[in-house]
Structure formats: C-alpha cells, structure tokens
Amino acid sequence: MALENGTADSKELEELETLEELDPSEELSYSTEDSPLEENENDAPEHSSIDLFENSIFPVLRINRDFRIRYANPGSQKLFSMVQQLRRKNFLQTFGQFFDREDIRNIQDTVSGRKPGYFWKGEAQIKNREVITVQAKVYLFPADLTAREPAEFIVMFDDVTAENRELLLSVFSSLLKASKLKDNDTGLHATRVNIYSRALAETLYRRPGYEQVDADFVEDIGLLASMHDVGKIGTPDDILNKQGPLLDWEWQVMKEHTKNGAFIMATYPNPMANEIVLSHHEKWNGAGYPFQLEGDMIPLSARIVAIADVYDALRMKRGYKAPIDHQKTTQTIKDGRGVHFDPDLLDVFTAMSDRFNEIFEKNKD
Ligand SMILES: [Fe+2]
Ligand SMILES: [Fe+2]
C-alpha cells in the first residue's frame, strides 16, 4: 500500500489522517433507530488508501459499530444499485429488509461484542421490483483483525444467484427430459410455453394493477411454465399415448397429472412452481380441473400459462390433430374469454397476439 512503501502523496496522507482522527469521535453506540443521518464533511473519504477492498471481485462494505457505512467498494455500489449512495447510510436501515429477524439480531450481537468472536456468516435475499432477487452469502468480520475491540467491520457479499439458478436449470432440464420420454408434447412445446408466458408477464409488469408481477415473477415464469405437464411422468403410457378419445375413467387418470406435478414440485421453494403444475387446467368459469377454481382464485401464473399452453397446443401438429394457423388459433382463444380464460389477460393476449405468432415461427420444431 502507498503508506507502507513510502510513496503516499500528501493528499492520501491527509485523507488517512482525517479518517484516523474521526474514529475515536465516532463513539460506540449500538442504536439502530431510524434517526436521520447527519451529513458530516469530515466523514470518511470515499476512497481511502487503507482500503484493501476497492478492487475486490466481491461487493464489500466497511461499517462502524454504529452500523454507519464508512466505505462501499464499486462492486457493492453495483450490487445495490437501487440505493443511490451507500456511504454514510445506516447498514441496518438500508439492508435490514434483506435479512431475516434472527440474522439481524445475530449481526447486532456480533458487532456489539455480545456474541464472542466478532465474526458472522449468513445469507441475504436482496429484493427489488425492478431486478431479480440476488441471493448472497454474507460474511461479517473485523476490519482490523488484530484489534481487541474492533471499531469497524467488513461486510462481504458473495452473489450465488447464478450458481443456484444453474443448479435449478439442470434439475429442471433432467425432469423435462424424463417427462418428454413419455409425453406426446414433443419438440419445443415446453420451451415455447416458457417464452410466451414470459412475454405476457413482461407486458403485465408495465400494466397498472399487476403489482405482484415483478422482475422475479417474469424471470420465474419464463423458467417454470415449461414444467406445467411434468406430472405426466406418473401417467400410464397407454393412456398418455392413446389414439382416439379417452374413456371416462382414462380421462380421470389423465387429469391426475396436475396433482402428480404438484407432488413432484412440492419441495421447490418458489410457490409458483406448484401453482403452475396444479392449476394450468383450471378455467375462469370454474369448469376446469383438478379443483374447479374460479376467477382470480386461480393463481395468476397458472392463468398466464393456460393461455400460452393452449395457444401452442392448437398451433402444433400432434399425432391426433393437424396444426391450426395463427388466425384461427387466436379466434378460438378469444372465444374462451371469460369462459376458459381470464378476460383481462385475454385482452392483453389479443393486443400482443402477433408476438405469439412470432415466437411460434421462430421456435418451430
Ligand atoms: Fe397439462
Ligand atoms: Fe402443454
């Protein structure tokens, strides 16, 4: 570092002195109440030569025992781009929402020294409507590892969102392959249902009245819609592949694929997976299955996938039916307004139905 090898210029020294002078005056108090933080001209400089973490690949914050953020490296400012200026903000006020209560207590106890060791490790879910939730491992430790009573702490975030997502994708792709071995919905049907569903959700995101549609919703439905028929893994082959109409009892067995899907997806933490596999055959008028849910009792994700699934099923060629063109398919779906499909969603679909055609044409089998 500049100081140690004797090359520090006077400006750096000045900055360092300012910082050191400040530390004792920042008397240790553990309060975290919502008091507005006063601006202090003599506060820690944004870039301090004593900071090892400026170029760290990890987002890093340095906080004092008052939880005031003294330094935020460029990585952390990028990760928390929804917060205008991290430095000088109160860590708990700004980030408390991303931790659960137990974690907050542990962080407070660690920083105050009530818990021995001054080290804490946990997880944060960084949520924001505009961007997908970031899952991060969080490490908190003293800025000066030699200090008996550390005045400042480093908080380091390790973004594991991409790793988690890749793991999920590989599990889902195995499940899809397994279900495709049995199902007659071959080729790119599942992929296209993902793309239509995502496109619909993106439109809803910009539409008033759809506050539940955030960046996570759009991302998740674009991944989970393809799983709608995963429960068909449990449907006997002779029913699944039967040519000609199903007998009544066979139809009852066929309908079970919704509940089987929910059984398969039960351990997946995002409820959307369950909603889609269980409710994609429910109808707006309550005449669907398995539970004859009606109107907005049917989860929004499942109402979206219902439109995407039916559109694609009509367009594609199946063993028992010829493909239907875009015009006729759109008309058939429109006829289901308020009967099979959510009328408001149907209007959104109608306004963007050309996009559905494009998606089908671009991703043909
Ligand atoms: Fe289905
Ligand atoms: Fe399907």
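We did not get these values from a lab; they are worked out from the coordinates using the rules stated. All figures in this text were calculated on a predicted structure; none of them were measured in a lab. Positions of Cβ are backbone-derived with ideal geometry, glycine not excepted, and every protein chain shown enters the neighbour counts.
Between Rg and the Kirkwood Rh of the range 65-143, both from Cα atoms, what is the Rg to Rh ratio?
0.95
How big is the gap, in Å, between the Cα center of the range 343-363 and the Cα center of the range 255-305? If you average the Cα positions of each part, the centres end up 22 Å apart. In summary, the lysines within cross-link reach of LYS177, defined as a Cα separation below 25 angstrom excluding same-chain residues under 8 places away, comprise LYS232, LYS242, LYS255, LYS259, LYS317, LYS321, LYS362, LYS364. Across the chain, the relative contact order, built from alpha-carbon pairs under 8 Å that are at least six residues apart, equals 10 percent.
For the chain, the normalised intensity computed at q = 0.07, 0.08, 0.13 Å⁻¹ comes to -0.46, -0.57, -0.98 (log10 of I(q)/I(0), Debye sum over alpha carbons, equal scatterers, no solvent).
Go ahead and run the numbers for FRET between LEU168 and VAL253, Cβ-Cβ distance against an R0 of 30 Å, rounding to 0.05. Walk me through the numbers on the way to the answer.
Details: r = 30 Å, r/R0 = 0.99.
Efficiency for this residue pair is about 0.50.
About the Cα centre, and with charges only on the beta carbon of Lys, Arg (+1) and Asp, Glu (-1), how big is the dipole of the range 102-169? Nearest 20 debye, please.
Working: 9 positive and 12 negative charges, 42 e Å.
I would put it at about 200 debye.
Which of rounded, prolate, oblate describes the range 234-365, given a ≥ b ≥ c as roots of the alpha-carbon gyration tensor eigenvalues and a/c under 1.5 marking rounded, otherwise prolate only if a/b is larger than b/c?
On the way: a/c = 1.57, a/b = 1.16, b/c = 1.35.
Here the range 234-365 falls in the oblate category.
For the range 123-262, taking Cα atoms only, Rg and Dmax work out to 22.3, 79 Å respectively. For the range 111-201, the residue among VAL131, VAL111, THR191 whose Cα projects farthest onto the positive side of the dipole built from Cβ charges is THR191.
Mean residue ellipticity, 222 nm, helices only, the chain: the sum of -39500 (n - 2.57) across DSSP H runs of n ≥ 4, divided by residue count and rounded to 500, is -13000 deg cm²/dmol. Taking Cβ atoms as reference points and 9 Å as the exclusive limit, the residues near GLY261 contribute a net charge of +1, counting Lys and Arg as +1 and Asp and Glu as -1.
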